[in-house]
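Only the coordinates and a few stated rules stand behind these numbers; no lab work does. All values reported here derive from a predicted model rather than from experimental measurement. Cβ sites come from the backbone with ideal geometry, for glycine too, and all protein chains shown count toward neighbours.
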């Protein structure tokens, strides 16, 4: 159940200039460390596969150890793990990938925010209150650790190794693919969860300025659901996921209270988007109320992603108050990276000769 509050957009709109310079460079394999739990066989398998497929160096492969299977990690245990991770992380590393679906929270924070900032109760809230804000929100900087002292984190989360492989492969195949995807910005009758629809016209303008198509309508409206690049909706559960034709690198999420409760959620888990073919998603792990600042801003994520940033950069930059939300997906997916596209084109031409 999501609690409805009157929410002015405040800085969420004020800070969105949407006239952004392209970043100096998108994050790459030298900027990312993968963290695996050695007591969780699935975590190890995902981590090893991801490191191999992405070509991560052994210095950027970090092993921690804790009993798996619990939804919440105690802050004392997390402090021990975070100290170890900090000690083993190379100074050039800008972001983390963790390779488990549980635990998805640390006390009152999401686990991805806890790894990004360190555990800090200022990122939590009891009731319908604001939290500490994300300094990375809508930033143009390409080195978040150097500039802000934080490392955005994404969970390469899946219920099985096969699903994790499919997710990782989608992310890698998306790099530089420049898909002619569409943005589906869907308005529902769920008044509490539909609050983000007021941001849809701005998102549509961003997408259309990049030469792509934006579709604003009700989810029940007839019409194809092809070439889905972005899919944003406010609803407790989303029906018909099997009808969505996601392109590699697609982002999809639903504004609701417990989408970030990845396993055994009373609502639809954000994992369902990845299982349906999306490459990235987001959900909150504790009751956020329907404060817009705690959910991805569609225009911001679209703007940064379409400029060639990676999934972990663009998604993290779109949430002003991410302390209660978990980011999941393949962090280095970059379908609009021009440098990757140029490199692939050269490879294709070489094969043709």
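For the range 12-152, averaging the sequence separation of C-alpha pairs within contact (under 8 Å, six or more residues apart) and dividing by the residue count gives a relative contact order of 27 percent. Taking a ≥ b ≥ c as the square roots of the Cα gyration tensor eigenvalues, with a/c under 1.5 meaning rounded and otherwise prolate when a/b beats b/c, else oblate, which class fits the range 195-253? Oblate, since a/c reaches 1.5 and b/c is not below a/b.
By how many nm would the segment from residue 242 to residue 107 grow when fully extended, if each residue of separation counts as 0.36 nm and the alpha-carbon distance is taken off? Intermediate values should be presented prior to the final figure.
On the way: separation 135, 0.36 × 135 = 48.60 nm, distance 3.40 nm.
That pair, residue 242 and residue 107, stretches by 45.2 nm at full extension.
Legend: calculated FRET efficiency, residue 143 to residue 191, from the Cβ-Cβ distance at R0 = 45 Å, rounded to 0.05, equals 0.65.
Please state, to two decimals, what the Cα-based radius of gyration of the range 57-150 comes to when divided by 2.2 N^0.38 Å (N = residues). Please report the intermediate quantities before stating the final value.
Values: Rg = 14.0 Å, N = 94, 2.2 N^0.38 = 12.4 Å.
So the Cα radius of gyration is 1.13 times the expected 2.2 N^0.38 Å.
For the range 237-305, the Cα gyration tensor yields ellipsoid semi-axes of 19, 17, 9 Å (square root of five times each eigenvalue, largest first, whole Å). Compute the Cα gyration tensor for the chain, then decide on rounded, prolate or oblate, letting a ≥ b ≥ c be the square roots of its eigenvalues: rounded whenever a/c is under 1.5, prolate when a/b is larger than b/c in the other cases, and oblate in all that remain. Verdict is rounded for the chain. Put in order of Cβ neighbour count within 10 Å, fewest first, the listed residues 316, 100 become 100, 316.
Footprinting exposure proxy ranking of 140, 99, fewest other C-beta atoms within 10 angstrom first, gives 140, 99.
Grab the DSSP H runs of the chain that are 4 residues or longer, score each as -39,500 (n - 2.57), total them, divide by all residues and round the 222 nm result to the nearest 500 deg cm²/dmol. After summing the helix terms and dividing by the residues of the chain, the value is -8500 deg cm²/dmol.
Between residue 92 and residue 224, the modelled labels are 4.4 nm apart [label points 7 Å from Cα along Cα→Cβ].
What is the gain in length, in nm to one decimal, between residue 38 and residue 58 on full extension, counting 0.36 nm per residue of separation less the C-alpha to C-alpha distance?
Numbers: separation 20, 0.36 × 20 = 7.20 nm, distance 1.53 nm.
Between residue 38 and residue 58, full extension yields an extra 5.7 nm.
Label-to-label distance for residue 75 and residue 178 is 4.9 nm, based on points extended 7 Å past Cα in the beta-carbon direction. Across every direction, the projection of the convex hull enclosing the Cα atoms of the range 208-353 has a mean area of 9.8 nm². Taking the inverse of the mean 1/r over every pair of distinct Cα atoms in the range 66-221 gives a Kirkwood hydrodynamic radius of 18.8 Å.
Fewest-first ordering of 218, 213, 294, 82 by other beta carbons within 10 Å of each residue's beta carbon gives 218, 213, 82, 294. Can you give me the relative contact order of the range 197-284 as a percent, contacts being Cα pairs under 8 Å and 6 or more apart? After rounding, I find 23 percent. Over the range 64-117, the ratio between the Cα radius of gyration and 2.2 N^0.38 Å evaluates to 1.09.
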